[in-house]
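The structure appears right after this line, and notes come after that.
Any read-out appearing in this document is the output of simple, stated calculations on the displayed coordinates, not a laboratory observation. Being a predicted model, the structure only gives us computed values, none of them experimental. FYI the Cβ positions are ideal-geometry reconstructions off the backbone, even for glycines, and counts take in every protein chain you see.
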Amino acid sequence: MLEWLIPAASTSAEEIDWLFTLIFYTVGFWFLVAQGIFFGFILKFRRRPGVRSQYIAGESTDEKRWISWPHYVVIACDVVLIAGAIAVWRDVKQIIPTPDETIRVVAQQWAWTFVHPGPDHRLDTPDDVVTVNELHVRNDATYVFELSSRDVVHSFSVPVFRLKQDAVPGRVITGWFRPTRTGTFDIACAEMCGIGHALMPAVLHVESAEAHAAWLGDRTTVAAASSESRS
Amino acid sequence: MSLPATAHDVGLSHEARSFWSRYVFSTDHKVIGLQYMFTGMVMALIGGFMAYVFRMQLAFPDQVVPLYGLVTAREYNALVTNHGSIMIFWVAMPVLIAGLGNFLIPLMIGCDDMVFPRLNRLSYQIFFVSAVILLLSLAAPGGGFGGAWTAYPPLSASAQYNHTPWGAPLWLLAVALEFVAFLLGGINFTVTVMNARAPGMTAMRIPIVVWMIVIASLVFMASVGPLVAGAVMLLLDQVVGTRFYDPKAGGDPLLWQHLFWFFGHPEVYVVLLPATGVVAEIITVFARKKLFAYKTILGTSIATGIISFFVWAHHQFVAGIDPRMAHLFTITTLLISIPLAEMMFAFIATLYGGSIELATPMLWALAFIAEFLIGGVTGIFLGANATDIYFHDTYFVVAHFHYTFFPIAIIATFAAITYWFPKMFGRRLNETLGQWHFWGTIVSFNAIFIPLFLTGAAGQHRRIYSYESFPQLSTPWLNQLAVLATVALIVLLIFQVIFLANFFWSMRRGEPVGANPWNANTLEWSAPSPPPHGNFATMPTVYRGPYEYGVPDRELDYWPQHVPS
Amino acid sequence: MSHAADLHAAHVPIATRRSATGIPTARLAVWWVLASEIVIFGGLIGSYVMLRLHHPHWAEEAAHTNTLAGAFNTFVLLTSSLAAVLAHQAAEAHDGPRAARFLGGTILGGLVFLLVKGFEWSNEIAHGFTIFRDVFWSYYYVACGLHGLHVIAGMVIMAIVAADARRGRNLHRVELIGIYWHFVDAVWIFLFPLFYIAK
């Protein structure tokens with residue numbers, strides 16, 4: 001359902017959207033039933049001349065079942081939702097799959113630095129590609145990111161991936177994603193990080209394997225050229 | 001700010017009691033209650049104006065806001081931060097707990113004052129000072145604090161990051177003083193209800209709203225301590241230069257988040273419980289019904305209070321806590337829906353078989369139930385850890401908690417004011433104006449926040465001063481929703497003029513009422529309206545529970561607590 | 001309390017003289033004040049313990065606190081609490097002057113405690129162990145400082161109570177300030193091992 005509002009572009013997004021739909025219908029059902037009975041009572045028991053209210057204490061088991069039975073159904077629904085939430089969370093956050101690529105994301109006031117591993121698929125090698133406010137990933141590849149912050153708490157948010165993770169100074173937090181559709185998407189900071197909080201957007205490019213390789217090729221040539229000219 | 005000159009007051013005016021001793025430095029619980037209420041109303045207007053300014057910026061970015069001017073990013077952050085702080089700490093808390101608690105507790109348990117009247121006055125004075133400090137912080141060099149009401153360090157801990165060298169510590173000082181005021185008040189409430197009850201007022205005959213205020217005070221007392229300690233550490237970080245929250249020096253920024261939310265989540269229930277208590281009082285009177293399952297409602301509120309201590313980390317699912325912990329907090333968070341759902345069921349069941357009169361207080365009380373249900377069910381999306389990854393810090397969260405806090409702090413407050421106004425001032429509010437105000441407020445409230453559910457579900461983050469840098473999140477239809485929400489807010493604010501006019505006009509000119517205009521059972525209605533200093537001509541004795549409406553074989557459909565059988 | 005008694009004495013609120021639970025109102029209030037203090041110190045000590053578990057090097061810092069002075073202060077505080085108990089006994093026997101003398105002893109204990117504390121702190125600061133040196137020291141100064149403020153507040157209130165008691169007035173307050181003082185004592189019993197013994 002969320003896809004009506006915003007595209008889903010990762011495997012996690014599909015799972016989270018599934019959970020959203022499950023919760024939506026469960027609580028939607030509850031909401032309609034509760035409001036229906038509520039407004040029904042208001043209409044049915046409006047004050048009429050000569051009609052007195054009934055005296056119901058609601059203390060006997062017989063009377064209380066009107067609230068205790070719905071209460072058991074709420075518990076049952078809660079159990080279903082908890083099971084759904086736990087299952088999706090395990091897949092999305094808890095179990096980190098073996099990555100095809102590992103990237104590094106560094107937040108600071110007020111910019112994102114992305115370290116791509118380059119053609120050798122390894123970080124901390126000379127062919128690493130460092131970009132600011134621009135992240136390039138391959139479609140259908142599993143990425144693990146190492147997230148850190150240089151100053152305050154930020155939050156790495158990629159709405160189309162349904163991905164959000166705070167960047168906490170002093171820690172390196174890992175997470176993962178696997179893009180499922182190509183395109184250009186927004187990355188934002190989702191934790192208040194100071195005056196420029198609204199001004200730390202970044203652009204996510206999900207590219208086909210060929211396009212990604214071409215971009216990497218360009219960047220590594222540029223990087224190599226500039227390092228040659230410096231030496 | 002003066003209270004109405006009623007017949008009673010005129011009678012006393014020959015005494016040498018100046019305006020100051022009667023209204024400003026009084027130890028009378030009713031005067032202190034009204035002081036809290038009026039201070040809360042003034043702060044609500046300030047907080048509402050702040051909402052107007054930043055909503056205008058969101059709907060019409062970078063244009064001059066009438067009555068304010070251009071909104072810079074720095075000002076925007078300070079406005080959202082202080083709007084949140086004000087509405088929770090300086091509106092919901094003083095009006096619902098301190099204001100109602102002070103006014104109602106002695107009247108409803110049948111005594112003449114709090115057990116510590118001077119401590120009570122001191123608590124208001126500290127609260128007043130805290131409000132003044134908060135407002136001064138907005139004018140401090142560098143501007144007001146803009147690090148969100150959650151004040152996460154390191155941003156809040158160092159002026160190097162937040163660029164508000166005065167705003168941040170003053171904000172924190174104001175919040176800490178406010179905590180002290182409510183600790184003192186809460187102790188006073190609790191001891192008063194324990195010890196000063198009228199003869200016959202046994203535990204199960206105490207009106208639910210009094211129970212709720214006491215439970216809320218205890219939950220507050222038990223949850224705020226760690227945050228007081230945390231606030232001392234944060235203040236030292238800001239002012240002295242210690243590094244409790246600085247990871248570079250071995251501190252831990254997540255520590256604050258735990259301390260803050262260990263308080264912050266129970267705080268929701270601290271303000272929720274008195275609001276539900278108000279609703280319980282009103283629906284019983286206007287449906288002429290005994291409260292359905294009094295003991296169950298009491299049990300659910302105690303259960304809610306206890307579970308609320310075990311849910312805090314659901315605010316931190318994506319904050320870098322151990323992912324396995326998230327399961328635990330999802331379970332506790334969804335569990336807390338059970339007692340609350342049961343309480344709402346009991347309220348709805350109370351309506352069954354009633355004789356419902358839709359007077360203004362009843363409309364507000366019913367609106368609380370209808371709107372709070374929306375807040376409740378949307379909370380499930382956020383309590384479930386996996387969907388919270390997406391919704392965390394989006395407008396979905398903003399819409400969700402406004403669907404809880406608006407019913408609590410605004411709807412229940414209006415319910416309480418319209419219901420107890422005759423007791424407070426001895427006069428009736430105008431019913432027609434009351435109905436206009438009700439419908440205008442409720443419709444525009446929904447028109448503000450339903451669009452925000454959509455913008456949040458579409459991915460818009462909160463606390464963003466302008467979406468221009470985010471092409472995906474500033475599409476035309478999202479911008480139109482922002483405009484709709486803003487227009488609705490302006491309508492809502494305009495409708496409050498009706499309320500203020502009605503309030504102040506009726507205070508002086510409203511139709512005078514007797515002691516018990518609603519034919520209610522609880523003890524405050526046996527005292528004159530307004531009650532004199534000392535409340536009751538004869539101290540009452542209690543013979544039965546508070547909700548004996550529609551008792552068969554009685555001529556009257558109500559049976560006041562103090563009337564002998 | 002009867003109705004007749006309720007009606008006389010209109011100036012002092014009847015509320016202050018009722019006791020529906022049977023527990024004196026003032027004592028109830030003191031217990032609730034202490035309950036709210038317990039969670040404040042609980043939060044502080046709890047966060048210290050959590051962080052300490054994550055920072056093994058704090059043990060090295062803790063090695064520089066003066067265990068002997070801390071032990072002596074523990075002894076002083078416990079002794080002063082004993083004096084508070086004796087003051088309570090005297091007050092129960094309606095012997096105001098005797099209660100005041102014992103309270104004086106308690107105040108003296110508090111004074112010795114603060115003097116030793118002052119000696120410790122000046123010594124530590126002189127050797128570079130300031131509040132800024134490490135988060136361990138920040139906790140040390142804040143926890144002990146907050147506790148010290150409670151000692152000072154207790155001494156001031158106790159002086160007022162003692163002055164009253166000497167004239168035989170408000171003797172029930174001797175017990176209340178005693179309860180508070182035991183609490184201050186109990187907090188120190190937690191602080192002493194956490195900051196002085198655990199190395």
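Per-structure values
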{"item": "Angle between chain C longest axis and helix C:96-126 axis [Cα atoms, degrees, rounded to 10]", "result": "20"}
{"item": "Volume per residue of the C-alpha convex hull in the stretch B:233-358, rounded to whole Å³", "result": "126"}
{"item": "Value in Å of the Kirkwood radius, where the protein assembly as shown supplies the Cα pairs that are averaged", "result": "30.6"}
{"item": "Separation of the B:Ile302 and A:Arg181 label points, Cα + 7 Å toward Cβ, nm", "result": "5.3"}
{"item": "Using θ = phi - 60° and Karplus 6.51 cos²θ - 1.76 cosθ + 1.60, couplings along the stretch B:267-284 (whole Hz; Gly, Pro as x)", "result": "4, 4, 6, 4, 8, 5, 4, x, 5, 5, x, 4, 4, 4, 4, 6, 5, 5"}
{"item": "Electrostatic dipole magnitude of the stretch C:48-136 [Cβ: Lys, Arg +1; Asp, Glu -1; Cα centre; debye, to 20]", "result": "180"}
{"item": "For chain A, share of DSSP beta bridges that run antiparallel, in % to the nearest 5", "result": "70"}
{"item": "Principal axis box of chain A, alpha-carbon based, largest edge first, Å", "result": "99, 36, 31"}
{"item": "Length-normalised contact order for chain B - Cα pairs under 8 Å, 6+ apart - percent", "result": "16"}
{"item": "Whole-Å distance, taken between Cα centres, linking the stretch B:114-131 and the stretch B:372-413", "result": "33"}
{"item": "Sites B:Gln125 and C:Val12, calculated FRET efficiency, Cβ-Cβ separation with R0 25 Å, nearest 0.05", "result": "0.70"}
{"item": "Pair-distance profile P(r), taking every C-alpha pair of the stretch A:101-230, with 5 angstrom steps and integer %", "result": "2, 11, 20, 25, 19, 14, 8, 2, 0"}
{"item": "Percent of beta bridges antiparallel (DSSP, the protein assembly as shown, rounded to nearest 5)", "result": "70"}
{"item": "For chain A, with +1 on Lys and Arg beta carbons and -1 on Asp and Glu, the positive-most of A:Met1, A:Val33, A:Val158 along the dipole", "result": "A:Val33"}
{"item": "The stretch A:74-116: Rg to Rh, with Rh as the Kirkwood radius over Cα pairs", "result": "1.27"}
{"item": "Shape category assigned to the stretch A:90-138 from the gyration tensor of Cα positions, a/c cut at 1.5", "result": "oblate"}
{"item": "Rounded to 10°, Cα long-axis angle of helix B:412-425 versus longest principal axis of chain B", "result": "40"}
{"item": "Helix-only mean residue ellipticity at 222 nm for the protein assembly as shown, each DSSP H run of n ≥ 4 adding -39500 (n - 2.57), per residue, nearest 500", "result": "-20000 deg cm²/dmol"}
{"item": "Cα gyration tensor shape of the stretch B:407-476, rounded if a/c is under 1.5, else prolate or oblate by comparing a/b with b/c", "result": "prolate"}
{"item": "Simple spin-label estimate for C:Thr21 and B:Trp436 in nanometres, 7 Å along Cα-Cβ", "result": "4.9"}
{"item": "Those residues of the stretch C:43-75 whose amide nitrogen sits under 17 Å from the label point placed on C:His127, 7 Å along Cα→Cβ", "result": "C:58-73"}
{"item": "Cα gyration tensor shape of the stretch C:91-175, rounded if a/c is under 1.5, else prolate or oblate by comparing a/b with b/c", "result": "prolate"}
{"item": "Listed residues C:Ala62, C:Ala29, C:Ala143, most fluctuating in chain C (Gaussian network, C-alpha, under 10 Å)", "result": "C:Ala29"}
{"item": "Rounded to whole Hz, the Karplus (6.51, -1.76, 1.60) HN-Hα couplings of the stretch C:48-64, x for glycine and proline", "result": "4, 5, 4, 5, 4, 4, 8, 10, x, 6, 5, 4, 5, 5, 5, 4, 8"}
{"item": "Helix runs (DSSP H) in chain A reaching 15 Å along axis by Cα, Kyte-Doolittle at least 0.5", "result": "A:11-44, A:61-89"}
{"item": "Compactness relative to 2.2 N^0.38 Å, alpha carbon Rg of the stretch C:25-197", "result": "1.12"}
{"item": "Distance between the stretch B:449-510 and the stretch C:145-170 - C-alpha centres, whole angstrom", "result": "54"}
{"item": "Cα centre as origin, Lys/Arg/Asp/Glu Cβ charges: the stretch B:285-417 dipole, Debye", "result": "460"}
{"item": "Binned Cα-Cα distances of the stretch B:30-526, short to long, each 10 Å bin given as a whole percent", "result": "4, 19, 31, 29, 14, 4, 0"}
{"item": "Viscosity 1.567 mPa s, 4 °C: Kirkwood-radius Stokes-Einstein D of the stretch A:1-134 over Cα pairs, µm²/s", "result": "62"}
{"item": "Relative contact order %, the stretch C:25-197, counting alpha carbon pairs below 8 Å whose residues are six or more apart", "result": "34"}
{"item": "Size of electric dipole in the stretch C:107-192: Cβ of Lys, Arg +1 and of Asp, Glu -1, about Cα centre, debye, nearest 20", "result": "380"}
{"item": "Distance between modelled label sites at A:Glu210 and C:His172, nm, 7 Å Cα→Cβ extension", "result": "9.1"}
{"item": "At R0 = 22 Å, FRET efficiency that the Cβ-Cβ distance of B:Leu136 and B:Val240 yields, to 0.05", "result": "0.55"}
{"item": "Computed E for B:Arg324/B:Ser466 - FRET, C-beta separation, R0 30 angstrom, nearest 0.05", "result": "0.20"}
{"item": "Degrees separating the helix B:208-239 axis from the principal Cα axis of chain B, which is the longest one", "result": "30"}
{"item": "Residue with peak Gaussian network fluctuation, chain A [Cα springs, cutoff 10 Å], from A:Gly217, A:Gly118, A:Gly58", "result": "A:Gly58"}
{"item": "Long pairs among A:Lys64/B:Lys30; A:Lys44/A:Lys64; A:Lys164/C:Lys199; A:Lys93/C:Lys199, criterion Cα-Cα beyond 29 Å", "result": "A:Lys64/B:Lys30; A:Lys164/C:Lys199; A:Lys93/C:Lys199"}
{"item": "Gaussian network model of chain A, springs between alpha carbon atoms under 10 Å - residue of A:Ser155, A:Ser12, A:Ser60 with greatest fluctuation", "result": "A:Ser60"}
